[in-house]
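Take a look at the structure set out below.
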Amino acid sequence: MSDSGAAHTFPREAVWLLVALTLAWGVNWPVMKVVLTAMAPLHFRTLCLFVGAAGVFLIARAHRLPIAVPPGAWGRLVVLALFNMTGWNVLAIYGIPLLESGRAAILGYTMPVWGVVLGTAFLGEPFTARRALGVALGMAGMALLFAGEIGALGRSPLGAALMVGAAISWAIGTALMKRWQLALPASSLTAWQMLIGGVPILAGALFLEQGTFRFWELAFWPALGVVYNLAVAFVFAQWAWIRIALAAPMGVATLSTLMIPVVGVFSGMLLLGERPHWTDFAALAMVVASLATVMPLPAFLRRSGA
C-alpha cells in the first residue's frame, strides 16, 4: 500500500486494540441498562469517571509517562473534557433507559457520520471514495437495524434526540482532539479528560439526584455491571479509544467504531433476551464491509498489488 493510501486507512498496529475496544464497549450497552435499574444515572457516571481516571493515571505512572498538563493547555483540555466526557456521558446515560440497549447503541454510533463531516470541514481530511463508501455501508447497516424500531423511536423522541446529541458531542470532541494535538500521551490525556469531565456530573449528582454512591448496597448483577464499567469500559476502553483516535485520521477512526453498535445489539439479545431478525444479520454484513474500507489489506494482498 502506498504512503498516501496508508494515510487514509486504519493503522495496522492498532487493529487488535480496536477488536478489544469493540467488544468492551459493545457488550457494555446492555450492561449499562441493567445498572441503571438500580443506580441513579449521574451517580453511576460520576463513579465511573473518577475511578476510571484514577485507574488510567496509575497506568500512566506505571509506564513512567508524563502526567503534568503542558503550560497553556488547560483551556483546551477543559473543552475536550466537556465534549468527550461530560456531554457524551450525560446525554447517553439519560437516553439509554428510554430505548432498547441495542437501538440506543445504534443511535449513539451515528457519530461516524458527524466525524467524517467534521474531519473534512475542520481538519482538511479528504473525503475519499473509500471513506464515502464506508459511511454509506455503515449507515445502511444501521438503518436496517432500527427500521423495524421506528414505532419505538416515535414513542420516545426524547431518547432518540439524546442519543444523537451524545453522538454529535463525541464527534466534536474527537475533532478538537485531533486538531489541537495536546502534548500528552494517550493515557494521561484520557485520565485528565475523565477527571475534568466528571466534575460537572458530580455536581449534578449531588444537587439533582437522590441516589447513593455506596457500591455495597447494590444487588449482584448491577454491582457486577458497575465493576465491568470501572475496569473495562472506562479504564481500558477510554484509553484505547483515545489512543486509536490520535493514531488514525478522524474519518477513519470514527468509521472504525461502526462494529460496536452491532456487538451492542447482539449483546442485548444474549443478555436481555431480545430476538434477532434477518435485518440484524444483514446489518452485520454491511458493517463488516464498512470496516473493510478503512482496514489495512492483508499482507498477501499488499504484495500482490491488490
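The values are calculated or read from the model by the stated rules, or taken from the named source; none is laboratory data. No experiment lies behind these values; they were computed from the predicted model shown. Using ideal geometry, Cβ is built from the backbone for each residue, glycine included, and neighbour counts are taken over all protein chains shown.
When the test is whether a residue is touching a helix residue (DSSP H, G or I) at 6+ places or on another chain (Cβ under 6 Å) and at pLDDT 95 or above, residue 22 does not pass it.
Answer with yes or no whether residue 103 is modelled with pLDDT under 85, surrounded by 21 or more Cβ atoms within 10 Å (Cβ to Cβ), under 13 Å from residue 254 (Cβ atoms) and of a type in the set (Lys, Arg).
No.
Of the residues screened, residue 256 is not one that is over 12 Å from the mean Cα position of the chain (by Cα) and under 23 Å from residue 167 (Cα atoms).
Considering the conditions (1) crowded, with 24+ Cβ neighbours inside 10 Å; (2) modelled with pLDDT under 90, residue 244 is excluded by exactly one of them, (1).
The rows are residues; the columns are (1) farther than 19 Å from residue 48 by Cβ; (2) in a helix (DSSP H, G or I); (3) of a type in the set (A, V, I, L, M).
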{"position": "165", "(1), (2), (3)": "yes, yes, no"}
{"position": "172", "(1), (2), (3)": "yes, yes, yes"}
{"position": "187", "(1), (2), (3)": "no, yes, no"}
{"position": "192", "(1), (2), (3)": "no, yes, no"}
{"position": "195", "(1), (2), (3)": "no, yes, yes"}
{"position": "200", "(1), (2), (3)": "no, yes, no"}
{"position": "203", "(1), (2), (3)": "no, yes, yes"}
{"position": "216", "(1), (2), (3)": "no, yes, no"}
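Every test in (1) buried (at least 23 other Cβ atoms within 10 Å of the Cβ); (2) modelled with pLDDT of 80 or more; (3) not hydrophobic (A, V, I, L, M, F, W, C) is passed by residue 87 save one, and that test is (1). Filtering segment 58-83 to residues that are under 23 Å from residue 233 (Cβ atoms), modelled with pLDDT under 95 and not charged (D, E, K, R) leaves 58, 59, 60, 62, 63, 65, 67. In the set (1) farther than 29 Å from residue 292 by Cβ; (2) hydroxyl-bearing (Ser, Thr, Tyr); (3) modelled with pLDDT of 80 or more, the condition left unmet by residue 156 is number (3). If you go through segment 61-81 and keep only what is without any contact (Cβ under 8 Å) to a residue 60 or more places away in the chain and either within 24 Å of the chain's Cα centre (by Cα) or assigned to a loop (DSSP other than H, G, I, E, B) (or both), you end up with 64, 68, 71, 72, 74, 75. I'd like to check something: does segment 124-131 contain any residue that is part of a helix (DSSP H, G or I) and crowded, with 20+ Cβ neighbours inside 10 Å? Within segment 124-131, one or more residues are part of a helix (DSSP H, G or I) and crowded, with 20+ Cβ neighbours inside 10 Å.
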